[in-house]
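Peer 1: This is the structure, below, for whatever I ask next.
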Amino acid sequence: MVNFTDKVAVLYGGDSAEREVSLKSGAAVAKGLKEAGFQHVELIDTKGFELNQLHIMQVKHVFIALHGKGGEDGTLQGALEYLNIPYTGSGVLGSALAMDKVRCKQIWQSLSYPTADFIVVHKADFNRNNSDEIIAQLGGKAMVKPATEGSSIGMAIANSGSELNIALENAFDYDEQILVEAWITGSEYTVAILGEQALPAIEMVTANEFYDYQAKYQSTSTQYHCPCDLNGDDETELKRLAMNAFKAVDANGWGRVDVMRNEQGQWLLLEVNTVPGMTETSLVPKAAKVAGYSFSDLVHHVLTLSAKQ
């Protein structure tokens, strides 16, 4: 049980490639928790912070607002379990599997869940001479994604073997393992998960070739449609798929599932986010607002879910 008098630490910042986004998420979450009535909220930048200090500070609950490596990949979750401090979001296994786009897609494939074809390229055995063959095998156009980065960091489009080589060399700056995924032409949606509830789907519309870092965090022209234009049956199907995909990788508590719908009307799963952005204009708060949750209601509910794990 979470009490309003309990000391709650919001962990944010850190030293991943998503630090700047995390700083904004953490500040918004701390503000939301205070507005919800929590009397002792500590905002802690984990860069250089020793986690055993949480016990000395008498922290009873942790709200994780760290995106990317070190906060979303199971390492922090394992440390908090060792310290026996309840925390928000998925556990060690769910966090690790969801963070790894390759393992995540392999699990979905094993369950016959729909996802685009892909090839995995490892830095250690990368051969530039194979790139034309990879592009051809994936239909002539591909999306290159570092396996364990978020916020579209290190992602690029490749239309040829030479473009794939450039994209891979850039992606190797972020990860040793790269997901090369067949290009999907269609609309992009996301479904936020809150406990056992799939929130209303959001459609993201950008003038960019894909929903990249600039479209997510810098553009003023990106459009977010929630409620979106799906009919009732299609949205029900999308929510069911998202919830199944979320649970398949042992994710729980709260999070977000990103999906595309191709030109043939088929849903294709992209990835699971177990610590989504949490500024007041981020996707999960947008969906929560349509579902009737204020931002302070949302962060309170997420924190309450952590006590039930």
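The values are calculated or read from the model by the stated rules, or taken from the named source; none is laboratory data. In this text, all values refer to a predicted model and were calculated from it rather than measured experimentally. Here the Cβ positions follow ideal geometry from the backbone for every residue, glycine too, while neighbour counts run over all protein chains shown.
Peer 1: Any idea which residue in region 160-182 is surrounded by the most Cβ atoms within 10 Å (Cβ to Cβ), counting only those that are more than 30 Å from Met243 (Cβ to Cβ) and either among the polar types (S, T, N, Q) or touching a residue at least 60 places away in the same chain (Cβ under 8 Å) (or both)?
Peer 2: The selected residue is Asn165.
Peer 1: Right, Asp233: outside the structural domain of Leu80 (by TED's automatic domain parsing), at pLDDT 95 or above and surrounded by fewer than 18 Cβ atoms within 10 Å (Cβ to Cβ) or not?
Peer 2: It is true that Asp233 is outside the structural domain of Leu80 (by TED's automatic domain parsing), at pLDDT 95 or above and surrounded by fewer than 18 Cβ atoms within 10 Å (Cβ to Cβ).
Peer 1: How many of the residues in region 183-205 are among the small types (Gly, Ala, Ser) and buried (at least 18 other Cβ atoms within 10 Å of the Cβ)?
Peer 2: Count: 3.
Peer 1: Any chance you could count how many residues in region 246-261 are surrounded by 24 or more Cβ atoms within 10 Å (Cβ to Cβ) and in a strand (DSSP E or B)?
Peer 2: 4
Peer 1: Which of the residues belonging to region 253-290 are among the β-branched types (Val, Ile, Thr) and in contact (Cβ under 8 Å) with a residue 24 or more places away in the chain?
Peer 2: Initially, region 253-290 is screened for residues among the β-branched types (Val, Ile, Thr), giving 257, 259, 272, 274-275, 279, 281, 284, 290.
Listed by number, the residues that qualify are Val257, Val259, Val272, Thr274, Val275, Thr279, Val284, Val290.
Peer 1: Next question, about the same structure. Restricting region 262-301 to residues that are modelled with pLDDT under 95 and of a type in the set (Val, Ile, Thr), which is surrounded by the fewest Cβ atoms within 10 Å (Cβ to Cβ)?
Peer 2: In this case the residue turns out to be Thr281.
Peer 1: Next question, about the same structure. Within region 215-228, is even one residue surrounded by fewer than 15 Cβ atoms within 10 Å (Cβ to Cβ) and either at pLDDT 95 or above or of a type in the set (Asp, Glu) (or both)?
Peer 2: no
Peer 1: Report whether or not Ile153 is outside the structural domain of Asp15 (by TED's automatic domain parsing), over 21 Å from the mean Cα position of the chain (by Cα) and either assigned to a helix (DSSP H, G or I) or not basic (Lys, Arg) (or both).
Peer 2: It is false that Ile153 is outside the structural domain of Asp15 (by TED's automatic domain parsing), over 21 Å from the mean Cα position of the chain (by Cα) and either assigned to a helix (DSSP H, G or I) or not basic (Lys, Arg) (or both).
Peer 1: Check every one of the helices (runs of 4 or more DSSP H) wholly within region 1-108 and list those with 3 or more residues that are over 18 Å from Val249 (Cα atoms) and in contact (Cβ under 8 Å) with a residue 60 or more places away in the chain. Spell out how you get there, then give the answer.
Peer 2: On the way: elements: 19-36, 53-56, 75-83, 92-99.
Per the criteria, 19-36.
Peer 1: Now for a different question. Could you go through region 116-136 and let me know if any residue there is in the same structural domain as Ala30 (by TED's automatic domain parsing), modelled with pLDDT of 95 or more, part of a helix (DSSP H, G or I) and in contact with a strand residue (DSSP E or B) (Cβ under 7 Å, 6 or more places away or on another chain).
Peer 2: Among the residues of region 116-136, not one is in the same structural domain as Ala30 (by TED's automatic domain parsing), modelled with pLDDT of 95 or more, part of a helix (DSSP H, G or I) and in contact with a strand residue (DSSP E or B) (Cβ under 7 Å, 6 or more places away or on another chain), which makes the answer no.
Peer 1: How many of the residues in region 280-299 are among the hydroxyl-bearing types (Ser, Thr, Tyr) and over 22 Å from Phe4 (Cα atoms)?
Peer 2: 2
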